[in-house]
């Protein structure tokens, strides 16, 4: 289940965005060079990285490797050793830099020290790293300048030291927190499995946080021919196993009568008939309000 940010887990000054058009507007400014440093926070599975790629006009295949490079952008995903990071920033100076999965990078103090000057708000920035590697290497200098704008993408955030605090102070910090209905609407633009999309849409009001991964995972289960694909994934979406079971029972094609659903619920959960009908009544009320 996607981890939700708690208020005390966010930096002090954030701009909270709840819709994809809002996020895309801010990212379009990054693409035009109007914002030198953006920190994009948000739970897993909301399509943050895809939105950044769209804004910068690059394809998924251009950002597949840990350090994959397109003519217009440097994309660093996951963990990278300090020298590899420094070398990549030197080799591809001036284009925008995407640091995806920043959660892992900022755990390395050397990487953070390299990134601190890169994330300066000045247009022209000087990166310096004085080590035996840079002092003796012929293909990379110990210091260089770059005009790269930077976007950091993270699903978690911790102010672990003063260097990370400095990045916070310099950045435009976006907290992307779409409601389930907004995420469900966005998934509908690309999901080609309408049965799965419709089914998960019924959990919009009861799931704490839907993830785009739920749609792809459930679609894989359904297309693999698993008859219980609904009940297999719902416990991942809903924290209450009884609620997940009742919701799955409503859409199980082999259970055509209510008595069959009740009997399956009692057998699977060990709970009573009364519990089944209490939960079903709650679901019916939510559906009525949505309608």
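Annotations for the structure displayed:
- Top-ranked residue of region 123-143 - restricted to ones that are closer than 14 Å to residue 95 by Cα and touching a strand residue (DSSP E or B) at 6+ places or on another chain (Cβ under 9 Å), ranked as surrounded by the fewest Cβ atoms within 10 Å (Cβ to Cβ): 124
- For region 245-263, a residue qualifies if it is over 18 Å from residue 202 (Cβ atoms) and touching a helix residue (DSSP H, G or I) at 6+ places or on another chain (Cβ under 6 Å), and exactly one does: 262.
Condition check ((1) out of contact with any helix residue (DSSP H, G or I) (no Cβ under 7 Å at 6 or more places or on another chain); (2) under 22 Å from residue 48 (Cα atoms); (3) at pLDDT 85 or above; (4) not assigned by TED's automatic domain parsing to the domain that holds residue 40) across all residues:
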residue	(1), (2), (3), (4)
189	yes, yes, yes, yes
195	no, no, yes, yes
211	yes, yes, yes, yes
229	no, no, no, yes
232	no, no, no, yes
239	yes, no, no, yes
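- Among the numbered conditions (1) at pLDDT 65 or above; (2) out of contact with any helix residue (DSSP H, G or I) (no Cβ under 7 Å at 6 or more places or on another chain), the only one that residue 69 does not meet is (1).
- Unmet criterion (only one of (1) farther than 26 Å from residue 282 by Cα; (2) more than 17 Å from the chain's Cα centre (by Cα); (3) surrounded by fewer than 15 Cβ atoms within 10 Å (Cβ to Cβ)) for residue 198: (1)
- Residues located in region 178-190, provided they are outside any helix (DSSP H, G or I) and surrounded by 18 or more Cβ atoms within 10 Å (Cβ to Cβ): 178
- Hits in region 117-133 (condition: in contact with a helix residue (DSSP H, G or I) (Cβ under 7 Å, 6 or more places away or on another chain), assigned to a helix (DSSP H, G or I) and at pLDDT below 80): 133
The values are calculated or read from the model by the stated rules, or taken from the named source; none is laboratory data. Predicted model, so just to flag it, every value in this text is computed and none were measured. Virtual Cβ from ideal backbone geometry, glycine too; neighbours counted across all protein chains shown.
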